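See below for the structure under consideration.
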Amino acid sequence: MAEDEKSDRTAGEVVLVGAGPGDPDLLTVGGLRALRQADVVLYDHLAPLACLVEVRPDAVLVDVGKIPHGPQTGQETINELLIDYARSGARVVRFKGGDPFVFGRGGEEWLACAEAGIPVRIIPGVSSAIAGPELAGIPVTHRGVSQGFTVVSGHVGPNHPASSVNWDALAQQSGTIVIMMGLTHLAEICDGLIVRGLDPDVPAAVVSKATTSEQRMVRGTAATIAAMSLEHQLRQPALTVIGHVAGMDLGSLTPGTSGTTPTSPSSPVDEL
Ligand code: SAH
C-alpha cells in the first residue's frame, strides 16, 4: 500500500465479510473490495480460500480456522486479534464462509468490536443455507410445494439438553427444514422429527461441500437420509434439506420442460 494512503487513516476498522459458501464467484463486489483494501485478513476453513490471491502482497494473513475436531482458535482469541489489529490502525477483514450472521458468530465479533470502541461494519454474504440446496437443484421454497423454510443448527440434536430448537413445532410444520452443522447427529435429528410427527417418507437430501468442485448430494427420505449419507461417506461441511422441495431436481430440467415438478430423482446420488 502507498504510504500516503496509510497516513490518511487515524484509526483502524473491522469489516466482517461474508464470502459465500466456497465458490469465489459468490463473493460480493463489496466483499472483494474490502479484501483488496485489507491490511490484515483473518480467515477460516469455510471461507473461499481461492479469493486470498486478491489480498495485497504486504497484507498479513491469519488463519483462525476452526476445523471441527481439529486445531481451533477460540472465539475470544479471534475477537482479541480483530480488536488489537484494528487498534494498531489496520483495516482488518474477518473473512468468513457464507453469511457472518448465519451461525457464523459474526454477531459476537461485532459486539466485541463495538464494546472495544472499534469501528465495525458488515458485508453480508451468500449463505450456504440457501445456495447449497439451490446449486444442487433444490429450491428452499417453491410455489405450491413449500411456503417457507426454517434453518436450524443440528450441532446438538433433539435429545440434547442444550438444544433450544422447538423440534415438536418443526416436525409438524409443512415448510422446508434446513439443518446446518447437523451431519454428526443426523440420525438422532431425523428420528426425533419422525417421533414428533414428521412423515418418514418426506423427501430429504444432504448436500456436502456445496459450490466447490467436490460438491456431492445424496437424496432419500427423512427415514433413510442419515444412513444414506453415512453409506455414501458425505463429509462436512454439509447441510440437510427435509421437505417436499428435496424431491425436486430443477438442475435436471432441460429447456422446454419447465412446469414439470419431478418428485423422485432418477438416482439417489448425484455428484455435481
Ligand atoms: N455462515 C455460514 C454457516 C456457518 S456454520 C453460512 O451462512 O453458510 C457451518 C455450517 O454451514 C456447516 O456445518 C454446514 O452445515 C454449512 N456449510 C457451510 N459451507 C457449506 C458448504 N460449502 N456446503 C454445505 N454446507 C455448508
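The values are calculated or read from the model by the stated rules, or taken from the named source; none is laboratory data. Predicted model only: the values in this text are computed from it and were never measured. Ideal geometry is used to build each Cβ from the backbone, glycine not excepted, and the neighbour counts take in all protein chains shown. All accessible areas refer to the heavy atoms of the entire protein, side chains included, with ligands and DNA or RNA removed. Shrake-Rupley method; radii C 1.70, N 1.55, O 1.52, S 1.80 Å.
Run ALA162 past the list (1) under 20 Å from GLN75 (Cβ atoms); (2) assigned to a helix (DSSP H, G or I); (3) in the same structural domain as LEU253 (by TED's automatic domain parsing) and report the number of the one that doesn't hold.
Only one criterion is unmet by ALA162, namely (2).
Enumerate the pairs (first residue in the range 19-41 and closer than 21 Å to ILE83 by Cα; second residue anywhere and more than 12 Å from the ligand (Cβ to nearest atom) and open to solvent by 50 Å² or more (accessible area, probe 1.4 Å)) with beta-carbon separation below 7 Å, excluding pairs fewer than 6 apart on the same chain, so at least 6 apart or on different chains.
Between residues of the range 19-41 that are closer than 21 Å to ILE83 by Cα and residues that are more than 12 Å from the ligand (Cβ to nearest atom) and open to solvent by 50 Å² or more (accessible area, probe 1.4 Å), the close pairs are LEU35/GLU54; ARG36/GLU54; ASP39/VAL60; VAL40/VAL60; VAL40/TYR85; VAL41/LEU61.
Please go through the range 140-160 and give me each residue that is open to solvent by less than 20 Å² (accessible area, probe 1.4 Å), within 16 Å of the ligand (Cβ to nearest atom) and in contact (Cβ under 8 Å) with a residue 40 or more places away in the chain, ordered by number.
VAL140, SER153, GLY154, listed by residue number.
May I ask you to verify whether PHE101 is within 9 Å of the ligand (Cβ to nearest atom), within 14 Å of the chain's Cα centre (by Cα) and among the aromatic types (Phe, Trp, Tyr)? Give the steps one after another, and end with the answer.
On the way: within 9 Å of the ligand (Cβ to nearest atom): yes; within 14 Å of the chain's Cα centre (by Cα): yes; among the aromatic types (Phe, Trp, Tyr): yes.
Against the criterion (within 9 Å of the ligand (Cβ to nearest atom), within 14 Å of the chain's Cα centre (by Cα) and among the aromatic types (Phe, Trp, Tyr)), PHE101 qualifies.
Inside the range 108-129, can you point out the residues that are within 11 Å of the ligand (Cβ to nearest atom) and part of a helix (DSSP H, G or I)? Spell out the reasoning first.
Just the residues of the range 108-129 that are within 11 Å of the ligand (Cβ to nearest atom), to begin with: 124-129.
Scanning the range 108-129 gives SER128, ALA129.
Determine the pairs where a residue that is open to solvent by 80 Å² or more (accessible area, probe 1.4 Å), located within the range 49-65, has a partner that is among the hydroxyl-bearing types (Ser, Thr, Tyr) with Cβ atoms under 9 Å apart, the partner being 6 or more residues away or on another chain.
Close Cβ pairs satisfying both conditions: LEU49/TYR43; LEU61/TYR43; ASP63/TYR43; ASP63/THR73.
Identify all residues within the range 168-183 that are more than 14 Å from ALA205 (Cα to Cα) and in contact with a His (Cβ under 8 Å, 6 or more places away or on another chain); write none if there are none. So that I can check it myself, show each step before the final result.
Filtering the range 168-183 down to residues more than 14 Å from ALA205 (Cα to Cα) leaves 168-175, 181.
Result: MET181, single match.
How many residues, within the range 170-184, are within 13 Å of the ligand (Cβ to nearest atom) and surrounded by fewer than 19 Cβ atoms within 10 Å (Cβ to Cβ)?
Going through the range 170-184 one residue at a time, the tally reaches 2.
Being touching a helix residue (DSSP H, G or I) at 6+ places or on another chain (Cβ under 7 Å), among the hydrophobic types (A, V, I, L, M, F, W, C) and within 22 Å of GLU109 (Cα to Cα) is the filter here, so list the residues in the range 22-40 that pass it.
Of all residues in the range 22-40, those touching a helix residue (DSSP H, G or I) at 6+ places or on another chain (Cβ under 7 Å) come to 24, 26-27, 32, 35-36, 40.
Filter again for among the hydrophobic types (A, V, I, L, M, F, W, C), leaving 26-27, 32, 35, 40.
Within the range 22-40, LEU27, LEU32, LEU35, VAL40 qualify.
Looking only at the range 40-93, count every residue that is within 16 Å of the ligand (Cβ to nearest atom), assigned to a loop (DSSP other than H, G, I, E, B) and not acidic (Asp, Glu) and tell me the total. Steps first, please.
Our first condition is that a residue be within 16 Å of the ligand (Cβ to nearest atom); within the range 40-93, this holds for 42-51, 64-70, 72-73, 75, 78, 93.
Among the residues that remain, those that are also assigned to a loop (DSSP other than H, G, I, E, B) are: 44-48, 64-70, 72-73.
Next, only the ones that are not acidic (Asp, Glu) stay: 45-48, 64-70, 72-73.
So the count comes out to 13.
Quick one: count up the residues across the range 204-234 that are in contact (Cβ under 8 Å) with a residue 40 or more places away in the chain, exposed (fewer than 15 other Cβ atoms within 10 Å of the Cβ) and within 15 Å of the ligand (Cβ to nearest atom).
0
Quick one: would you say GLY137 is in a loop (DSSP other than H, G, I, E, B), surrounded by fewer than 16 Cβ atoms within 10 Å (Cβ to Cβ) and either of a type in the set (S, T, N, Q) or more than 9 Å from the ligand (Cβ to nearest atom) (or both)?
For GLY137, the condition - in a loop (DSSP other than H, G, I, E, B), surrounded by fewer than 16 Cβ atoms within 10 Å (Cβ to Cβ) and either of a type in the set (S, T, N, Q) or more than 9 Å from the ligand (Cβ to nearest atom) (or both) - is not met.
If we scan the range 185-203, do we find a residue that is more than 12 Å from the ligand (Cβ to nearest atom), part of a strand (DSSP E or B) and either within 23 Å of GLY98 (Cα to Cα) or free of Cβ contacts under 8 Å to residues at least 12 places away in the same chain (or both)?
Scanning the range 185-203 turns up no residue that is more than 12 Å from the ligand (Cβ to nearest atom), part of a strand (DSSP E or B) and either within 23 Å of GLY98 (Cα to Cα) or free of Cβ contacts under 8 Å to residues at least 12 places away in the same chain (or both).
Within the range 68-111, count every residue that is open to solvent by 80 Å² or more (accessible area, probe 1.4 Å) and either touching a strand residue (DSSP E or B) at 6+ places or on another chain (Cβ under 6 Å) or not acidic (Asp, Glu) (or both).
So the count comes out to 10.
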